[in-house]
Amino acid sequence: MSLLQIEKMTHYFGGLRAVHNYNLRIEPGQIRGLIGPNGAGKTTVFNLITGIHQPTEGSIQLGDENLVGLHPHQIASAGLGRTFQNLLLWRHMNVLEHVIMAQYSKMTYGLAGAFFGTAKRKRQEAEAEEKAYGLLKLVGISDLAHENVLNLPYGAQRRVEMARALGVEPKILFLDEPTAGMNPEELIQMMEIIRQVHKEFGLAIFLIEHRLKLVMELCQEIQTLVFGEVIAEGTPEEIQNNPKVIDAYLGKEAID
Amino acid sequence: MEVTGSELSTTAIGLKTKIRDMFSMLPIMGWLFGALIAVILEQIVGTPLAIALGLPKIPALFGFLIMLKKPMLVPSTMLYVLLIFILPIGIVARLSFAAANRLAERLINFSMPGSVFVHLVVLYAIFHIWAGISDYRLLTLKFTLIAIMVTVSLNVINGYLGEFSCSHPGFMALGAYTASVFSVSLFVNDSMFGHALIPSFLGPFLFPIGLILGGCVAALGALIVAIPSFRTRGDYLAIISLAFMFIIKSLIENLEFVGGPRGLSSQPDWANLPTVFVWTVVCIWVINNFVRSTLGKALNAIRDEETAANAMTVNTKRTKVVAFMFAAFWAGVAGGLFAHVLGYVNPATFSIQKLAEVLAMVYFGGLNSVYGSIVGAVSLSLLGEALRPLELFKWIAIPLLLILVMIYRPTGLIAFKEFNVKKLIQPKKKKGKEV
């Protein structure tokens, strides 16, 4: 059985059909890519799966759990970690606090623990901190743990987001343009991190990307989305040579 | 000329850093010792000294009132403050620093809660002796402590959660009236509620129940503001919370059984200094615990980026409800204490004036900081009292000060600073440059 299974997902913004009849199956440990021109609905697909928007029709299953109708925090707790295209970091928190915060749903000490500082709270907070350090080490920013995120360079901020997404202990990781705005050097580092994360946790990864280089190198299978519809699906090679994809990206003349 | 000038300034700077270094190695325990000696000194020689200096009586609030009323007495008042407070505190703190450091170290090694307890006992002793001089001091001190509770709790919503809530006086009113009805109806022979149902000697023991009840009613009221906060933020929520405050006020004005606009009186005198002090300490402790936990930091996550908080498993709705109810609870408790300190409560107390006061304390002290709220509440309460002789001009002086703070420190005096009790009471390192 697939890890993530989406069938006939459709979504309208008012009268505008943003996503139509979208199907997806991701197996455990698989890296999938979603490409498409600007405004094709890629981020909408992410937001539909992660619960920020509710699909008008269709079903979404993670393992044997139905995700439609759940709140984003419930979906995240079910094992879906994500990063954001435009870096949604918490501007008054330091790096370590970010990764600890992602473990919110694992804090079972409750309000009594929060109000009175029980032993259980101390233990769980210490565990969360230790785990956070581990994740920061994995993405290579453990020395920045106590820096405020706003003081970090862009590449490091992206890594914070990655570590934070891993903090929710995901079964599947959603990366929304993980290399947007990065220079070639940072791009290579980020690819290395994605590979490492994949190897370390055996995670399934679903990523949106504009840079075909990254998608072609990392992904086992790619979907191309245009105007909310999947026009092509296949291995990187198949996608690269698919006339429809070339048409969508470069226009008809490029084919001729 | 230039050389001597710069030399002069370097020696001045050197002296300044020297003094700063000298005082930065004094642990809080040393200051407490100094203050304790000062208040005891005042108790013994205060009256004779005041008479000798030609003052009508012991200056109640560090001489501010006297100085503003009778400018002729400024030198002798300042001398009094210097002799009774500044010099003894400075000298004792300086002289006892080695002993105080050793004591602080021994205490903290022995046990952290024990050390905190000892510090609090000394602090309470200072308050007790200081307030023992006059009823005016006692009242001011109680109101200041209550202001701390209200300010710290409002900071949970306005600072930590980042919503602009105007409903705090409403929560205070709910708490004040609930606790008042509890104590007046059960323990007092009153024209409105009839005979006492429970012998009044039990009252002081059951008083906490009344306060907690008041807090719970306020927390329930907070749901009315918390639920709209799921869907709206910022200005719109501010308007809703303002409306809530006025609703509560007019509700109470129209409830005849609690006296309507005339108010409710004859609350028994249970809110003595130890009670108010203990409640304030508990309030600060619990709130500080909360905001330092991951559950509490979730408020910051929601304030800074709600979408991300939600995607990182934070249950945003629950967190908001908890924040509002929790803050309202403490406002309610503070309101209950307020009513019993005053022995009288009416709806007009909890209106826009109160709101302005509390908001000023929060924003003056600093957002997202328990420490800042304490500083803000204490400084504005004392300033409000100290500038009382200015009458109308007080309401020009204090807002001006606020404007100045907002220009130079837009988030308040001590914003975004963690209130770390352990750091506060630990012994200071010899170097004076301890990180």
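Bear in mind that the values in this text are calculations on the coordinates, not laboratory data. Keep in mind that what you see is a predicted model, and the values were worked out from it rather than measured. Here the Cβ is made from the backbone with ideal geometry for all residues, glycine too, and neighbour counts use every protein chain on show.
Stretching the chain fully between A:Y154 and A:M1 yields a gain of 51.2 nm (0.36 nm per residue, less the alpha carbon separation). Amide H to amide H distances under 5 Å link A:L34 with A:L207, A:I208, A:E209, A:Q223, where only residues 5 or more positions off or on other chains count and H is placed in the peptide plane. Neighbour counts of other Cβ atoms within 10 Å put B:F277, B:F207 in the fewest-to-most order B:F277, B:F207. Taking every Cα-Cα distance in segment B:157-305 and sorting them into 10 Å bins from zero, the calculated P(r) comes out as 10, 32, 32, 19, 7, 0 percent. When the pairs A:K199/B:K317; A:K120/B:K142; B:K320/B:K422; A:K122/B:K320 are compared against a 26 Å limit on Cα-Cα distance, A:K199/B:K317; A:K120/B:K142; B:K320/B:K422 fall above it. The distance separating the Cα centre of segment B:363-423 from that of segment B:297-344 comes to 21 Å.
Using the Cβ-Cβ distance between A:Y249 and B:K422 with R0 = 60 Å, the FRET efficiency computed as 1/(1 + (r/R0)^6) comes to roughly 0.55. Each part reduced to its alpha carbon centroid, segment A:142-164 and segment B:12-49 end up 43 Å apart. Once you order the gyration tensor axes a ≥ b ≥ c over the Cα atoms, which shape class does segment B:259-325 get: rounded for a/c under 1.5, otherwise prolate or oblate by comparing a/b with b/c? Oblate, because a/c is 1.5 or more while a/b does not exceed b/c.
Distance distribution note for segment A:95-237: the fraction of Cα pairs above 23 angstrom is 43%. Peptide A:80-92 has a mean shielding of 4, counted as Cβ atoms of other protein chains within 10 Å of each residue's Cβ. If contacts are Cα pairs under 8 angstrom and at least 6 residues apart, what is the relative contact order of chain B in percent? Relative contact order, chain B: 24 percent. Sorting B:S185, A:S2 by the number of Cβ atoms found within 10 Å of their own Cβ, with the fewest placed first, yields A:S2, B:S185.
Note on B:291-303: average number of Cβ atoms from other chains within 10 Å of each residue's Cβ is 6.
Projected over all directions and averaged, the alpha-carbon convex hull of segment A:1-49 occupies 3.7 nm². If a spin label sat at a point 7 angstrom from the Cα of B:L401 along the line to its beta carbon, the backbone N atoms of segment B:349-375 nearer than 19 Å would be those of B:353-367, B:371-375.
Inter-part distance, segment A:190-256 to segment A:51-111, computed on C-alpha centroids, equals 25 Å. Across segment B:129-134, computed HN-Hα scalar couplings (Karplus, 6.51 cos²θ - 1.76 cosθ + 1.60, θ = phi - 60°) run 5, 4, 6, x, 5, 8 Hz from first to last residue, x flagging Gly and Pro. Largest first, the three principal axis extents of the alpha carbons in segment A:89-169 are 38, 23, 18 Å in whole numbers.
Once divided by 2.2 N^0.38 Å, the Cα radius of gyration of segment B:2-131 becomes 1.33. Neighbour counts of other Cβ atoms within 10 Å put A:V68, B:V370, A:V149 in the fewest-to-most order A:V68, A:V149, B:V370. Rounded to the nearest 20, the size of the Cβ-charge dipole of segment B:2-131 about its Cα centre is 240 debye, with Lys and Arg at +1 and Asp and Glu at -1. Once backbone amide H atoms are built at 1.01 Å from N, B:I414 has B:G366 as its partners under 5 Å, excluding neighbours fewer than 5 places away on the same chain. Along its first, second and third principal axes, ordered by size, chain B spans 72, 57, 49 Å in Cα coordinates. Taking the alpha carbon gyration tensor of segment B:87-213, multiplying each eigenvalue by 5 and rooting it gives semi-axes of 37, 22, 16 Å, largest first. Here the contact order of segment A:89-169, divided by its residue count and restricted to Cα pairs under 8 Å and six or more residues apart, works out to 48 percent.
For the residues of A:68-74, the average number of beta carbons from a partner chain within 10 Å of their own beta carbon is 4. Using the alpha-carbon positions of chain A, Rg (one decimal) and Dmax (whole number) come out as 19.1, 72 Å. For segment A:70-76, the Karplus equation 6.51 cos²θ - 1.76 cosθ + 1.60, evaluated at θ = phi - 60°, returns couplings of 7, 6, x, 5, 6, 5, 4 Hz by residue, with Gly and Pro reported as x. Rounded to the nearest 10 degrees, the angle from helix B:352-365 to the longest Cα principal axis of chain B is 40 degrees. Work out the FRET efficiency for A:K199 and B:R409 from their Cβ-Cβ distance, taking R0 = 41 Å, and round it to the nearest 0.05. Approximately 0.25, to the nearest 0.05.
Look at the Cα gyration tensor of segment B:291-410: its axes a ≥ b ≥ c give a/c of at least 1.5 with a/b at or below b/c, and that counts as oblate. Per-residue ellipticity at 222 nm computed for the protein assembly as shown from its helices equals -19000 deg cm²/dmol, with DSSP H segments shorter than 4 residues left out and the rest contributing -39,500 (n - 2.57). For segment B:138-226, the square roots of the Cα gyration tensor eigenvalues, ordered a ≥ b ≥ c, give a/c of at least 1.5 with a/b greater than b/c, which places it in the prolate category. For the protein assembly as shown, how big is the tail of P(r) above 48 Å, as a whole percent of Cα pairs? Cα-Cα pairs of the protein assembly as shown separated by over 48 Å account for 31 percent.
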